[in-house]
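In what follows, a structure is listed as structure tokens, so that the remarks can point back to it.
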């Protein structure tokens, strides 16, 4: 008797997603990316979306998970689409999970079978998902890759002394001057903490204290600037502290933290999730001084590299050895909804019209509620 074929399942409730954790992490381990592990995906789903938005598509062979697409449905009416859980509201690279390229084909077909446009932000530009045979069927249907981005990384291929000697002389001199300026202000100390379940909340609180004094509070990107984002990091750091490898690094000046980083050691690499420094001390470059020590931590720990995540920025060039390139991948089904979404995405005039219509509807609802309250108060 032939073996049964793998089956597709669409996970639409948190309990079913939670039950997948062991099999999910077994599959995610092959990616080497902790942001595809169950902790990250499940926490993002819980923090940013309601339970009825889940549309996680999985390919299974019995109890073995062969492939998974961590998706949610956002929008309503003609704006409905699928997006990846791990990226939305976090702006980190994302991907599908799969054991082999052969497992990816049925998964992509199942995602397309949901009949909704799909927007996958920052998938690997040279990865199998970007190259997958997404179905077409109409002139506007099929995949479109655009908006290239990149995230920096460093592969560790030498010892620390050789790496430091290989830094540009200007970088070494800038670090020395910054350290001298800082030490004229007080005692400088770099402290690393491995987060434990009973210490993680206080460490996160200390990190957030630094972040409130950084540029992030001013531009609205601080963790505490958005309730759901704060909830995500509270939940994620607790889970990561329980599973292990979550660290907080602080650069202290006279015992007060003036720079902070949150990172995780996983798959023999150091993954930097968040950084912050006190803007009042920008002239002593506390962020660069701490990054110097965090990179050294990776060397001293015998790791294979550092992933800076986020997006490439000029100030990171001094530390990195390359970038991982990503693209945004959009897929449009051969339906009226697919055509409407493609017009909205690709036509500025249509997009402006849709935004204006949504604004007008919101204003009309607000006026109606106000009128109703006034009439009720008579």
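The values are calculated or read from the model by the stated rules, or taken from the named source; none is laboratory data. Since the structure is predicted, the reported quantities are computational estimates derived from the model, not experimental observations. So basically every Cβ, Gly included, is an ideal-geometry build from the backbone, and we count neighbours across all protein chains shown.
Descriptive notes on the structure:
- Of the residues 125, 118, the single one that is in contact with a strand residue (DSSP E or B) (Cβ under 8 Å, 6 or more places away or on another chain) and under 20 Å from residue 343 (Cβ atoms) is 118.
- Each residue in region 57-100 was checked for being farther than 18 Å from residue 27 by Cα, in a strand (DSSP E or B) and in contact with a helix residue (DSSP H, G or I) (Cβ under 9 Å, 6 or more places away or on another chain), and 5 pass.
- Just one of (1) at pLDDT below 90; (2) within 21 Å of residue 87 (Cα to Cα); (3) out of contact with any helix residue (DSSP H, G or I) (no Cβ under 9 Å at 6 or more places or on another chain) fails for residue 310. It is (3).
- Condition check for residue 281: modelled with pLDDT under 95 and either in a helix (DSSP H, G or I) or under 16 Å from the mean Cα position of the chain (by Cα) (or both): yes
- Scanning region 182-213 for residues being more than 30 Å from residue 241 (Cα to Cα) and surrounded by 14 or more Cβ atoms within 10 Å (Cβ to Cβ) gives a total of 1.
- With respect to being surrounded by fewer than 20 Cβ atoms within 10 Å (Cβ to Cβ), in the same structural domain as residue 209 (by TED's automatic domain parsing) and at pLDDT 95 or above, residue 258 falls outside the description.
- None of 221, 151 is modelled with pLDDT under 95, outside any helix (DSSP H, G or I) and touching a strand residue (DSSP E or B) at 6+ places or on another chain (Cβ under 8 Å) except 151.
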